[in-house]
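Working notes, structure below.
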Amino acid sequence: MTPLIDSHVHVWDPALDNYSWLRGELDRPYLPSDYRDGAPQTTGVIFVEAGSDDGLIEARWVASLDWPELLGIVAQAPLELGSRVSERLDRLQEIGKVVGIRRQLQDDPIAFFDDPGLLEGLRMLPARGLPYDACTVHEQLPALTELLGRVPDLAVVLDHLSKPPVAAGDDGTWARNLAALAALPQVRIKLSGIAPEGSADRPVREQARSWLLTALDLFGPERCMVGSDWPVSAISEPRETAGEWLDHVLSDVGASDGDREWLSWRTASAFYGV
């Protein structure tokens, strides 16, 4: 089977850990078997923390699951604690499957990007061999670029194209800001998370193509990886399964066979060391 790594998958069970942000259809268990039903072509997955109240409990639970496709865990850690986050990182790395860290930034004010603790926490990751998943909204891109420029040895991947204004359209600001981020050689990007930012009355495939092509052009295939953002993107109207998203990203970007290898597994494999 041709390798295909989905670089951005969530699972959760609200009965085992608290996820205060879950609402409506998301507020139920989503487990590996549910994911597999909608993406049977996937050969490996990277689990990305899903905003639980306790990232250590979450990572331990995910590592304990019967999930043959699981290649690695991107765990949650409060990096703003600076040097005090060291103990939490120790405990996470004891799990064995942890291959990266995410401290979401999308809900924080721009001023938080200047927090000395956050910078200190980020600077602790390279020595531990831990890359960083950056989850931001598009308005935060300049602040993220400035922050990451101060940690040049930290390997980073931008989640969901920084949640661009898909429904409203881009006046050129998102593309310019993304180009500035792409100029930092340590940054990669996930081709993921378009559906929640789009319009419910148009096919995801139709809405996503131009945004994906811009990201691919700016970063190049060797710095891009596909991710489904399952289940969040899968239940966003108009609905599309994880497998459908992965398939149409790989077919619609017009890449060569070699480029598709980078998008489908090589970039993720190299970035996460799996």
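How far, in nm, would the chain grow between ILE95 and GLN41 when pulled straight, counting 0.36 nm per residue and subtracting the alpha carbon separation? Don't jump to the answer; show the numbers that get you there.
On the way: separation 54, 0.36 × 54 = 19.44 nm, distance 2.74 nm.
Gain on extension, ILE95 to GLN41, equals 16.7 nm.
What share of the DSSP beta bridges in the chain is antiparallel, in percent to the nearest 5? It would help to have the intermediate numbers written out before the result.
Details: 1 of 24 bridges.
Roughly 5 percent of the DSSP beta bridges within the chain come out antiparallel.
Over the range 1-41, one equal point on each Cα, no solvent: what is log10 I(q)/I(0) by the Debye formula at q = 0.17, 0.23 Å⁻¹?
After summing over all Cα pairs, the log10 values are -0.55, -0.84.
Which of ARG202, ARG23, ARG36 moves most in a GNM of the chain, Cα contacts under 10 Å?
Of ARG202, ARG23, ARG36, the Gaussian network model singles out ARG23 as fluctuating most.
What whole-number distance in Å separates the alpha-carbon centres of the range 135-155 and the range 206-253?
Between the Cα centre of the range 135-155 and that of the range 206-253, the gap is 22 Å.
Assuming R0 = 35 Å, can you tell me the calculated FRET efficiency for the pair GLN104 and SER251, based on Cβ-Cβ distance, to the nearest 0.05?
0.70
Pick out, from LEU147, VAL137, VAL166, the residue whose Cα sits farthest towards the positive end of the charge dipole of the range 43-191, with +1 on the Cβ of Lys and Arg and -1 on the Cβ of Asp and Glu.
So the residue furthest toward the plus end is LEU147.
If R₀ is 51 angstrom, what is the calculated FRET efficiency for the pair ALA200 and GLU87, using the beta carbon separation as r and rounding to 0.05?
0.70
With an 8 Å cut-off on Cα pairs and a minimum separation of 6 or more residues, tell me the relative contact order of the range 122-214 in percent. Spell out each step's value before the answer.
Details: 123 pairs, mean separation 27.5, N = 93.
Relative contact order comes out at 30 percent.
What Rg and what Dmax come out for the range 34-127 when only alpha-carbon atoms are used, in angstroms?
When restricted to Cα atoms, the range 34-127 yields Rg and Dmax of 14.7, 44 Å.
Quick one: among ALA195, ALA167, ALA59, which has the greatest mean-square fluctuation in a GNM of the chain with alpha-carbon springs under 10 angstrom?
ALA167
So which trypsin sites (Lys or Arg not before Pro) in the range 104-189 pass both tests, a DSSP loop state and at most 13 other Cβ atoms within 10 Å of the Cβ?
In loop regions of the range 104-189 (DSSP not H, G, I, E or B), the sparsely surrounded trypsin sites (Lys or Arg not before Pro) are ARG150.
In the chain, what is the volume of the convex hull around the alpha carbon atoms, normalised per residue and reported in Å³?
118 Å³
Expected output is a single nm value to one decimal: the length gained when fully extending between GLU25 and ASP171, i.e. 0.36 nm times separation in residues minus the C-alpha distance. What is it?
Extra length from GLU25 to ASP171 when fully extended: 49.3 nm.
Which value in deg cm²/dmol, rounded to the nearest 500, describes the helix-derived mean residue ellipticity at 222 nm for the chain, given -39,500 (n - 2.57) per DSSP H run of n ≥ 4 and division by the residue count?
Rounded to the nearest 500, the figure is -9000 deg cm²/dmol.
Under a GNM of the chain (C-alpha, springs under 10 Å), which listed residue has the highest mean-square fluctuation: LEU56, LEU147, LEU22?
Residue with maximal mean-square fluctuation among LEU56, LEU147, LEU22: LEU22.
Between ASP17 and ALA270, what FRET efficiency follows from the Cβ-Cβ distance if R0 is 30 Å, with the result rounded to 0.05?
Details: r = 31 Å, r/R0 = 1.02.
Step by step, r from the Cβ atoms, then E = 0.45.
So if I place +1 on the C-beta of Lys and Arg and -1 on the C-beta of Asp and Glu, and nothing else carries charge, what would the dipole magnitude of the chain be about its Cα centre? I want it in debye, nearest 20.
Once rounded to the nearest 20, the dipole reads 580 debye.
Taking the simple approach of a point 7 Å from Cα along Cα-to-Cβ for both ARG239 and ALA180, what is their distance in nm?
4.0 nm
For the range 86-245, with equal point scatterers placed on the C-alpha atoms only and solvent neglected, what are the log10 I(q)/I(0) values from the Debye formula at q = 0.10 1/Å, to two decimals?
-0.37
All of the numbers you see were taken from the coordinates with simple rules; none came from a lab. From a predicted model like this one, the values you see are computed outputs, not experimental measurements. When we count neighbours, we look across all protein chains shown, and the Cβ atoms used for this are built from the backbone with ideal geometry, even at glycine.
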